[in-house]
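A short worksheet on the structure shown next.
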Amino acid sequence: MSKTPQAIRGTQDIFGPEAESFAFVVETFERVRKLYRFRRAEMPVFEKTEVFARSIGETTDIVSKEMYSFEDRGGESLTLRPEFTAGISRAFLSNGWQQFAPLKLATHGPLFRYERPQKGRYRQFHQIDAEIIDAGEPLADVELLTMADQLLKELGIQDVTLHLNTLGDAESRENWRAALVDHFRAVKDELSEESQDRLEKNPLRILDSKDPRDRRHVEEALDIDDFLSEAALDFFAKVTAGLDAAEVKWTRAPNLVRGLDYYRHTAFEFIPDEGSEAAARLGSQSTILGGGRYDGLIESLGGAPTPAVGWAAGIERLAMLVGERDMPSADLAIVIEGDSDQLHASAARLAMMARGHGISAESFATGSPRKRFDKAVKSGARVVMAFSEDDDGRMQPPRLKGSDEDIAAVGSAFLEFAKNIGQD
């Protein structure tokens with residue numbers, strides 16, 4: 001006998017309470033994005049490899065180590081998307097979405113990275129994503145951050161703080177970058193091997209290092225605030241003022257960076273407060289949602305200079321914080337206490353009508369009549385309606401079980417009408 005195939009390492013089959021939590025995250029995201037008037041979009045799961053190489057950066061771990069790339073039958077290099085922003089930027093250019101600018105866009109779906117599977121992190125994972133393209137004003141950053149904050153609150157995720165930093169405008173960032181290179185180059189031999197490699201390619205990433213060999217030198221590095229232009233200071237002040245007005249809890253995180261050159265101004269992460277239940281559930285993988293302003297990305301793909309800002313969050317990780325959820329009980333349980341065609345037809349008609357009225361319905365038609373009724377009651381349905389026939393095959397008035405409040409909530413007029421099904 002052949003061996004039963006198993007799931008590929010780093011993938012998962014989501015079912016039961018975990019699947020309900022996953023769905024709750026997506027449903028809440030869809031509801032919130034409509035409140036903020038973000039358009040829905042869908043992009044291909046794979047793109048030309050150059051889309052990610054040019055937008056994410058050849059020197060990043062994602063491009064150099066983690067992408068699932070392959071050559072198709074036409075000899076073209078394609079890559080399963082490791083993130084959303086690159087594909088969204090490509091779509092913005094290739095489809096002429098500039099006509100909708102400023103474009104507020106949201107999407108969700110699977111992404112793929114070849115990395116070590118760990119708690120809340122998989123090789124095929126899922127994200128929700130929100131972007132505002134061709135909007136250079138601080139208000140766009142505030143709107144995105146307020147949207148993210150509201151989403152987390154509506155998911156019931158507590159004790160989370162927005163960690164916020166500014167990377168300045170292009171001039172500020174370049175001056176800071178040059179100063180960091182000089183600082184770390186002077187102590188290069190004392191840095192970790194990874195930071196030595198990053199020094200020339202991506203020096204801002206050294207600030208992310210947790211290696212003890214790097215931390216002392218990171219703490220001694222010059223702060224971005226020493227290099228911010230008046231325009232950059234004004235931009236950040238307007239972002240923080242907007243967050244204060246919206247009552248979004250935030251803290252300054254001066255070492256929070258984005259390594260690629262097209263990032264500007266705002267960089268942010270929502271992180272559970274130390275000692276909170278959310279922090280305990282996530283462990284070392286603490287970031288819940290993150291993003292920033294990427295004013296130079298679309299230009300790197302051949303477009304005109306286009307300001308943009310966005311964020312993404314892993315659905316699996318949000319679902320972990322939401323906790324397991326059961327599928328909601330049906331509004332109406334329909335019990336068929338017999339096996340005649342008339343009974344089954346009447347029950348099917350009732351179920352169709354109920355769902356047409358927005359009433360969730362489940363039928364019970366297996367096992368003995370008594371067991372069917374007991375299963376319906378145990379299902380937790382708000383109202384149970386049982387259909388039966390007399391010895392001559394005549395439909396009997398259905399029996400109702402449920403409180404007056406539940407019957408009213410399901411719809412007493414509908415249920416009264418349903419009593420006549422099969423009587424004509």
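Each value in this text was obtained by applying a stated rule to the coordinates, not by laboratory testing. Computed from a predicted model, the values in this text were never measured in an experiment. Every residue, glycine among them, receives a Cβ derived from its backbone with ideal geometry; neighbour counts consider all protein chains shown.
From its DSSP helices (H runs of at least four residues, each -39,500 (n - 2.57)), the chain gives a residue-normalised ellipticity at 222 nm of -11500 deg cm²/dmol. For residue 306, the shell of other residues with beta-carbons less than 11 Å away shows a net charge of -3, using +1 for Lys and Arg and -1 for Asp and Glu.
Farthest toward the positive end of the dipole of region 332-418, out of 396, 379, 368, is the Cα of 379, where the dipole comes from beta carbon charges about the Cα centre. If you look at the Cα atoms of region 137-287, you get an Rg and a Dmax of 16.6, 49 Å. Only beta bridges with both residues in region 332-418 are counted; by DSSP, about 30 percent of them are antiparallel. Once log10 I(q)/I(0) by the Debye sum over Cα atoms at q = 0.07, 0.08, 0.09 Å⁻¹ is calculated for the structure shown, the corresponding label among (1) -0.31, -0.41, -0.52; (2) -0.48, -0.59, -0.70; (3) -0.36, -0.47, -0.60 turns out to be (2).
Restricted to Cα atoms, region 57-162 shows a radius of gyration and a Dmax of 16.7, 51 angstrom.
The label point for residue 37 and the one for residue 281, both projected 7 Å from the Cα toward the Cβ, are 3.3 nm apart.
Pairwise inverse Cα distances across region 332-418, averaged and inverted, put the Kirkwood hydrodynamic radius at 12.9 Å.
If R0 is 45 Å, the Cβ-Cβ spacing of residue 124 and residue 396 corresponds to a FRET efficiency of close to 0.30. Applying 1/(1 + (r/R0)^6) with r as the Cβ-Cβ distance of residue 231 and residue 19 and R0 = 45 angstrom yields a FRET efficiency of 0.40. For residue 216 and residue 274, a Förster radius of 25 Å and the Cβ-Cβ distance give a FRET efficiency of 0.65, rounded to the nearest 0.05. The alpha carbons of region 209-287 give a radius of gyration and a Dmax of 15.2, 41 Å, in that order.
If you build a Gaussian network model of the chain, linking Cα atoms that sit under 10 Å apart, which residue out of 231, 267, 312 swings the most? Of the options given, 231 has the highest mean-square fluctuation.
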